Amino acid sequence: MNSLGKYLKEIREMHRLNLEDAALFLDLDKSILSAIENDEFMPNKSILLRFQNFYSVSIDEIVKHIDNTNANNTFFDEDKKYRSFYLIFKRIAFVVTLFLSLIAYILLGQFTYRGYEIYWTLLFLPFIASSLVSTFYFHKFSRFPIVFIVLSIYLSLGMSLELWHPYWSLLFIIPLYYLISIALDLHFTNLKLN
């Protein structure tokens, strides 16, 4: 019987996925998936559940291969995932944007009429920035922070112009965007697989 890593690699190849695409779908760094498939790291329970859901295999089938994996391998430490370039960059983008947003909020609040009342929507910017990092890293349109962008525009226009009623139609952009972006993501994924 195969080790866990060899078993997961066989399933991936059976689904005709390369390492990059499988890592993308499993929301793992490519190097981490490679280490799991080479039996260098033992994934934790949450990652095993991702494999179960993505490959549509029973958890019992996955677990029975764990016994055949080299016992000297260290268990995958969730903190190691956060050392990847993507997650570090995402956190930096969030913190820097939060710092700049707070400074802008304080200055605009102090020096403009009703500034504190209106410009609190600047605090959406850190979430937008970190979501943009995810969008570009994973090349997925559906990760674009459309919700935060539309809500911040809607709230800013409503509070600054006090015309809430006509602007509620902006909220229709959100489901429309996801209908289009998910279809595009599926199309580009199918192109990669074929």
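The values are calculated or read from the model by the stated rules, or taken from the named source; none is laboratory data. Remember, predicted model here, so these are calculated numbers, not experimental data. Neighbour counts are summed over all protein chains in view; Cβ atoms, including those assigned to glycine, are modelled from backbone coordinates with ideal geometry.
Residue check: is Asp79 at pLDDT below 80 and not in a loop (DSSP other than H, G, I, E, B)? For Asp79, the condition - at pLDDT below 80 and not in a loop (DSSP other than H, G, I, E, B) - is met.
Rundown of residues vs (1) assigned to a helix (DSSP H, G or I); (2) without any contact (Cβ under 8 Å) to a residue 40 or more places away in the chain; (3) surrounded by fewer than 18 Cβ atoms within 10 Å (Cβ to Cβ), yes/no style:
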site: Ala93; (1), (2), (3): yes, no, no
site: Thr97; (1), (2), (3): yes, yes, no
site: Leu100; (1), (2), (3): yes, yes, yes
site: Tyr105; (1), (2), (3): yes, yes, no
site: Gly109; (1), (2), (3): yes, yes, yes
site: Tyr113; (1), (2), (3): no, yes, yes
site: Tyr119; (1), (2), (3): yes, yes, no
site: Leu122; (1), (2), (3): yes, yes, no
site: Ile128; (1), (2), (3): yes, yes, no
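Among the residues of the stretch 160-175, those identified as surrounded by 11 or more Cβ atoms within 10 Å (Cβ to Cβ) and within 27 Å of the chain's Cα centre (by Cα) are Leu170, Leu171, Ile173, Ile174. All conditions but one from (1) assigned to a helix (DSSP H, G or I); (2) at pLDDT below 85; (3) within 23 Å of the chain's Cα centre (by Cα) apply to Lys64; the one that does not is (3). Name the residues in the stretch 48-65 that are surrounded by fewer than 16 Cβ atoms within 10 Å (Cβ to Cβ) and of a type outside the set (D, E, K, R), would you? Leu49, Asn53, Ser56, Val57, Ser58, Ile59, Val63 - these are the residues of the stretch 48-65 that are surrounded by fewer than 16 Cβ atoms within 10 Å (Cβ to Cβ) and of a type outside the set (D, E, K, R).
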